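Student: Shown below is the structure under consideration.
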């Protein structure tokens, strides 16, 4: 998968429901710090830990130090006063998180000798995080070494969005007893027309080529819908969704340069 899909075939504008980030912003604006908003923020943190960790590593920290700093960073942003500063006018969750991380690392460097990092709190078991399934979108070692930290952050963020949408699609297919169909077709969701051999897929699945085309089209449309939903979770305004998708698509293209 080398690109993020647009909203083709989704069926036009969709209702913008209260999402993780919009819930956090709503609570921050009211100063309530409600439990639901804190849970939503915690879920976003658990989802997007990889871009944070990779950014810290790219800044020259060892793996152990990056693990400790990632834990400390999440503990910091889950404090109420960070929520109160999560101004809806300051941008999307991705942008605010990166700015907060940059500021956090400056202060962490200043406090490096004041205390041992990672000693106060464990946001979640690091072993649990690292045991998650590997990325379905490969990032070459050359890319990891060549991109500056902020571009690498956006790339890993885009990869995470794509992975979350794909994970949800897999779960839906499994729930419908179509897990094998998912395994066979999911690798072609973002493929160009000339990269798809319908005859080969037809033989693999034991169905007609017409049926394969129909199933692949349906899977692509559902994936794009789920992808849009994932992006919507990280913005506070429905008007930002399409622009965020375009931004992340450009970032993800760096993986294949």
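Student: Go through 224, 170, 217 for me and flag whichever is over 23 Å from the mean Cα position of the chain (by Cα) and over 30 Å from residue 56 (Cα atoms).
Tutor: It is 217.
Rundown of residues vs (1) under 19 Å from residue 20 (Cβ atoms); (2) at pLDDT below 95; (3) outside any helix (DSSP H, G or I), yes/no style:
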| site | (1), (2), (3) |
| --- | --- |
| 150 | no, yes, no |
| 158 | yes, yes, no |
| 161 | yes, yes, no |
| 164 | yes, yes, no |
| 167 | yes, yes, no |
| 172 | no, no, no |
| 184 | no, no, no |
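Student: Here is a further query. Please specify each residue of region 6-59 satisfying the condition of being at pLDDT below 70, touching a helix residue (DSSP H, G or I) at 6+ places or on another chain (Cβ under 7 Å) and assigned to a loop (DSSP other than H, G, I, E, B).
Tutor: 6, 7, 8, 9, 10, 16, 19, 31, 33
Student: Mind checking which residues of region 208-228 are in contact with a helix residue (DSSP H, G or I) (Cβ under 8 Å, 6 or more places away or on another chain) and either surrounded by 14 or more Cβ atoms within 10 Å (Cβ to Cβ) or in a helix (DSSP H, G or I) (or both)?
Tutor: Step one: of region 208-228, the residues in contact with a helix residue (DSSP H, G or I) (Cβ under 8 Å, 6 or more places away or on another chain) are 208-209, 211-213, 215-216, 219, 222-223, 226-228.
Of everything in region 208-228, those that are in contact with a helix residue (DSSP H, G or I) (Cβ under 8 Å, 6 or more places away or on another chain) and either surrounded by 14 or more Cβ atoms within 10 Å (Cβ to Cβ) or in a helix (DSSP H, G or I) (or both) turn out to be 209, 211, 212, 213, 215, 216, 219, 222, 223, 226, 227, 228.
Student: Go through 207, 212, 196, 231 for me and flag whichever is touching a residue at least 40 places away in the same chain (Cβ under 8 Å) and on the phi < 0 side of the Ramachandran plot.
Tutor: It is 231.
Student: Please pick out the residue among 71, 64 that is at pLDDT 85 or above and surrounded by fewer than 20 Cβ atoms within 10 Å (Cβ to Cβ).
Tutor: The conditions single out 64.
Student: Could you list, in sequence order, all residues of region 183-207 that are crowded, with 18+ Cβ neighbours inside 10 Å, over 14 Å from residue 162 (Cβ atoms) and under 23 Å from the mean Cα position of the chain (by Cα)?
Tutor: 185, 188
The values are calculated or read from the model by the stated rules, or taken from the named source; none is laboratory data. Remember, it's a predicted structure, so these values are computed and weren't measured experimentally. Note: ideal-geometry Cβ built from the backbone for every residue, glycine included; neighbour counts use all protein chains shown.
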